[in-house]
Amino acid sequence: DNFPKLSVKVRPEVVSFNAGDELQVDDQGVVNGGEHLKPNQVHELVEKYGDNVVFLDGRNAYEAAVGKFKNAITPDTRTSKDFAKELAKPAMQALKDRPIVTYCTGGIRCEILSALMKNRGFTNVYQIDGGIAKYGEAYGDDGLWEGKLLVFDGRQVVGFTEKAVDIGCCACCGQATSNYINCADVSCNDRVLVCQACAAVSGFCPI
């Protein structure tokens with residue numbers, strides 16, 4: 001029901017980071033990716049290293065706007081191809097020797113992102129096994145996650161429990177929301193966070 005027009009096509013990369021030439025894949029998947037952590041192992045890592053642990057969002061900025069790990073770095077990315085330049089920025093380079101936990105919706109993007117990081121000299125890279133979805137199954141809204149999860153089916157946005165909060169802000173009035181619309185201006189058509197009340201008044205960007 002959620003994917004009524006599903007099609008399958010062959011592509012060089014499942015998620016395009018524009019890095020196919022530097023990735024190696026074997027029958028186990030991407031070679032030299034970050035160490036996989038089960039949700040409980042994520043907590044163990046934080047207990048061991050405390051605030052020295054860095055959470056790095058491996059998704060696009062609009063996904064991070066409605067949900068993320070607490071105090072996570074959310075790079076200014078519109079597509080996965082933007083990550084290469086983000087990793088080269090001085091602020092990221094300064095984190096090369098700290099424990100970094102990458103995370104994304106189901107873990108696929110982090111297979112690639114963590115390998116790219118290790119190729120660029122990041123020494124202590126992890127990824128959450130099964131991504132945010134598996135973490136949410138284990139801890140709901142009682143762990144290190146805050147907000148809601150943007151998904152790419154008819155549901156749009158999901159909360160792990162009834163306690164899930166809105167951390168995004170309406171672009172029109174500033175009210176907390178997780179509601180995305182596509183701007184009705186055909187010259188824009190960007191995804192915009194707009195609360196239900198403002199969306200009912202106008203389907204256009206506020207700028």
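Listed values, structure above:
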quantity	calculated
Selected residue (criterion: farthest from Ala88 (Cα to Cα)) from residues of segment 108-124 that are outside any helix (DSSP H, G or I) and open to solvent by 10 Å² or more (accessible area, probe 1.4 Å)	Asn124
Exclusive hit being under 27 Å from Lys89 (Cβ atoms), out of contact with any Cys (no Cβ under 9 Å at 6 or more places or on another chain) and open to solvent by less than 50 Å² (accessible area, probe 1.4 Å), set Gly147, Gly159, Gly130	Gly147
Residues located in segment 172-201, provided they are over 22 Å from Asn71 (Cα atoms) and small (Gly, Ala, Ser)	Ala184, Ser187, Ala197, Ala199, Ala200
Filter result (closer than 15 Å to Leu37 by Cα and either without any contact (Cβ under 8 Å) to a residue 60 or more places away in the chain or open to solvent by 30 Å² or more (accessible area, probe 1.4 Å) (or both)) within segment 133-144	Ala133, Lys134, Gly136, Glu137, Ala138, Tyr139, Leu144
Considering residues of segment 125-145 that are assigned to a loop (DSSP other than H, G, I, E, B) and among the acidic types (Asp, Glu) only, the residue nearest to Asp166 (Cα to Cα)	Asp141
Hits in segment 173-182 - residues which are under 19 Å from Arg155 (Cα atoms) and not in a strand (DSSP E or B)	Ser178, Asn179
Check on Ile167, modelled with pLDDT under 95 and of a type in the set (Val, Ile, Thr)	no
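Matching residues to (1) free of Cβ contacts under 8 Å to residues at least 60 places away in the same chain; (2) polar (S, T, N, Q); (3) touching a Phe, Trp or Tyr at 6+ places or on another chain (Cβ under 8 Å):
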{"position": "Val101", "(1), (2), (3)": "no, no, yes"}
{"position": "Ser114", "(1), (2), (3)": "no, yes, yes"}
{"position": "Val125", "(1), (2), (3)": "no, no, no"}
{"position": "Gly147", "(1), (2), (3)": "no, no, no"}
{"position": "Gly159", "(1), (2), (3)": "yes, no, no"}
{"position": "Gln175", "(1), (2), (3)": "yes, yes, no"}
{"position": "Asp190", "(1), (2), (3)": "yes, no, no"}
{"position": "Ala197", "(1), (2), (3)": "yes, no, no"}
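The values are calculated or read from the model by the stated rules, or taken from the named source; none is laboratory data. Quick caveat, the model's predicted, so the values are computed rather than measured. Backbone-built Cβ (ideal geometry, glycine too); neighbour counts: all protein chains shown. The protein model used for the area step is the full one, side chains on, heavy atoms only, and it has no ligands, DNA or RNA in it. Shrake-Rupley method; radii C 1.70, N 1.55, O 1.52, S 1.80 Å.
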